[in-house]
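Q: One structure, pasted below without further comment.
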Amino acid sequence: MITEKLYYQDPYISFFSAQIIHSNKDEKGRFYVILDQTAFYPTGGGQPNDTGTINGAHVYNVEEENGEVRHFIDRPLEENKCYAEIDWTRRFDHMQQHAGQHILSAAYEDMYGYKTVSFHLGAENCTIDLEAPALNEEEAKRVEERANTVILENRSIETRWVTENELSKFPLRKAVSVTDNIRLVIIPDFDYNGCGGTHPNETGQVGSVKILHWEKHKKNIRVHFVCGDRVLKQLQEKHKMIQRLTATLNAPQTDLEAAANRILQKQEDLEKTITQLEAELLEQEAHKLIAQASIKDHYKLVTKIYKENSMKKLQQMANSMIHHTDGLLVLFINENDSKLQVVCARSNGIGINMQEYIRYILPEINGKGGGNEMIVQGGGDMVLSSESLMEVMIRAADKLLTS
């Protein structure tokens with residue numbers, strides 16, 4: 001059954017009475033009702049649905065299927081008649097954003113020939129995708145000025161239902177996607193578009209439009225913007241953030257960028273210092289371990305068990321040790337989150353291929369790993385103690401060296 005769409009008769013209707021002609025659950029178990037007439041706008045054309053109440057039940061989603069407008073509610077309704085009210089703040093916000101998009105898209109196309117290929121009305125901001133190779137600050141500034149001029153001129157926003165044969169009378173920006181019940185939204189001498197959304201009656205009610213930023217998106221440029229009350233909200237949020245930053249950085253608004261850059265440079269310098277000190281500490285530990293190495297028949301053996309250490313650091317230290325000392329075998333174990341990790345390395349003068357060596361070790365801990373003939377690493381389950389695993393590793397080294 002076709003629902004009479006009050007939002008097309010008058011987009012300013014915010015409450016109404018209606019007959020409930022059908023009540024049911026859909027395949028997802030959601031309660032919904034169909035009314036003989038409705039002011040609730042269903043999701044479509046880039047514009048989200050309205051919300052509100054029907055006889056006190058919360059309307060959280062509205063969808064149209066084959067002319068039926070389904071109102072999804074949080075509980076079933078048994079009545080035949082209902083009183084409904086839409087969330088006017090949400091509706092008017094959508095009207096501002098949608099009309100603002102028409103104006104912004106028309107300005108981009110008129111001034112630079114950039115066509116809008118898609119539109120999204122989000123909860124916080126809106127986007128349009130433009131067929132453009134790139135955008136720059138000067139273009140954005142001029143387009144924004146043009147759009148706000150049209151808004152301030154308070155031009156009329158008209159809607160008109162036309163037939164397919166009548167379309168040739170209007171300078172449409174793009175072809176319409178339907179052949180029946182064609183609805184045009186018109187700002188005379190500025191924009192002519194096929195559109196099923198809700199819009200205010202005059203451009204002045206859009207308030208203003210503000211381009212926030214843009215980015216490359218696939219083959220197009222995605223422009224982020226806000227209109228109407230959202231401009232004030234963005235201004236207020238950004239002002240609060242600036243106020244907090246001025247206090248945190250102890251600098252006036254005009255010096256915030258310089259103050260932030262000084263902090264970032266200081267952090268970068270500190271990170272370099274930390275990296276240098278960590279390298280020196282690793283070097284000192286490496287020298288200490290080499291000095292404490294066990295003397296075997298044909299090589300020196302370094303063994304060490306760590307807890308919650310960085311595998312990267314252990315690899316760096318082992319690599320440094322074997323490149324500064326000949327005849328050295330390094331066996332590290334690291335206990336990390338109930339896992340056992342190993343780093344094994346050998347320097348020149350030791351006849352072991354470490355890739356072959358680790359194949360003896362990893363099965364003992366159901367592990368995986370890899371490396372090259374001089375240094376390997378891996379990890380597995382803690383199915384035995386670190387001390388027991390170290391004994392296995394030493395025996396494996398002795399076996400390969402004597403075979």
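Q: Does Lys115 satisfy the criteria of being farther than 30 Å from Gln19 by Cα, out of contact with any Phe, Trp or Tyr (no Cβ under 7 Å at 6 or more places or on another chain) and either assigned by TED's automatic domain parsing to the domain that holds Ala175 or touching a residue at least 60 places away in the same chain (Cβ under 8 Å) (or both)?
A: Criteria met by Lys115.
Q: Any chance region 33-48 includes a residue that's more than 27 Å from Trp161 (Cα to Cα) and surrounded by 13 or more Cβ atoms within 10 Å (Cβ to Cβ)?
A: yes
Q: Restricting to region 333-370, name every residue that is within 36 Å of the chain's Cα centre (by Cα) and either modelled with pLDDT under 90 or farther than 16 Å from Thr303 by Cβ (or both).
A: Asn336, Asp337, Ser338, Lys339, Gly367, Lys368, Gly369, Gly370
Q: Same structure again: Please specify each residue of region 360-403 satisfying the condition of being small (Gly, Ala, Ser), under 23 Å from Met317 (Cβ atoms) and assigned to a helix (DSSP H, G or I).
A: Ser386, Ala396, Ala397
Q: Which of the residues spanning region 160-175 are under 23 Å from Gln9 (Cβ atoms), not acidic (Asp, Glu) and not in a loop (DSSP other than H, G, I, E, B)?
A: Of everything in region 160-175, those that are under 23 Å from Gln9 (Cβ atoms), not acidic (Asp, Glu) and not in a loop (DSSP other than H, G, I, E, B) turn out to be Arg160, Trp161, Val162, Leu167.
Q: Residue by residue through region 324-339, note down the ones that are out of contact with any strand residue (DSSP E or B) (no Cβ under 6 Å at 6 or more places or on another chain) and part of a strand (DSSP E or B).
A: Asn336
Q: Follow-up. Checking His199 against (1) under 22 Å from Glu137 (Cα atoms); (2) modelled with pLDDT of 95 or more, which test does it fail?
A: (1)
Q: Something else: Name the single residue, out of those in region 380-392 being within 23 Å of Asn353 (Cα to Cα) and touching a helix residue (DSSP H, G or I) at 6+ places or on another chain (Cβ under 8 Å), that is surrounded by the fewest Cβ atoms within 10 Å (Cβ to Cβ).
A: Val392
Q: Something else now. Looking for something surrounded by fewer than 22 Cβ atoms within 10 Å (Cβ to Cβ) and under 30 Å from Glu137 (Cβ atoms) - is there at least one such residue anywhere in region 73-91?
A: Looking through region 73-91, none of the residues is surrounded by fewer than 22 Cβ atoms within 10 Å (Cβ to Cβ) and under 30 Å from Glu137 (Cβ atoms).
Q: For region 291-318: of the residues being surrounded by fewer than 17 Cβ atoms within 10 Å (Cβ to Cβ) and assigned to a helix (DSSP H, G or I), which is nearest to the chain's Cα centre (by Cα)?
A: If we take residues in region 291-318 being surrounded by fewer than 17 Cβ atoms within 10 Å (Cβ to Cβ) and assigned to a helix (DSSP H, G or I), then Lys312 is nearest to the chain's Cα centre (by Cα).
Q: Among the residues of region 349-359, is there at least one that is closer than 30 Å to Gln276 by Cβ, of a type outside the set (Val, Ile, Thr) and not in a loop (DSSP other than H, G, I, E, B)?
A: Yes, region 349-359 has at least one match.
Q: Hey, another quick one. Might you let me know whether region 170-177 holds any residue that is in contact (Cβ under 8 Å) with a residue 24 or more places away in the chain and in the same structural domain as Leu212 (by TED's automatic domain parsing)?
A: yes
Q: Then there is this: Name the single residue that is surrounded by the fewest Cβ atoms within 10 Å (Cβ to Cβ) among those in region 179-201 being more than 33 Å from the chain's Cα centre (by Cα) and farther than 20 Å from Ala39 by Cα.
A: Among them, the one singled out is Asp180.
Q: In region 251-290, what count of residues is obtained for those that are of a type in the set (S, T, N, Q) and in a loop (DSSP other than H, G, I, E, B)?
A: Summing the residues that are of a type in the set (S, T, N, Q) and in a loop (DSSP other than H, G, I, E, B) in region 251-290 gives 0.
Q: Take region 127-159 and flag every residue that is more than 33 Å from the chain's Cα centre (by Cα), in a loop (DSSP other than H, G, I, E, B) and not hydrophobic (A, V, I, L, M, F, W, C).
A: Across region 127-159, the qualifying residues are Glu153, Asn154, Arg155.
The values are calculated or read from the model by the stated rules, or taken from the named source; none is laboratory data. Values in this document were obtained by computation on a predicted structure and should not be read as measured data. Neighbour counts run over all protein chains shown; Cβ positions are idealised from the backbone, glycine included.
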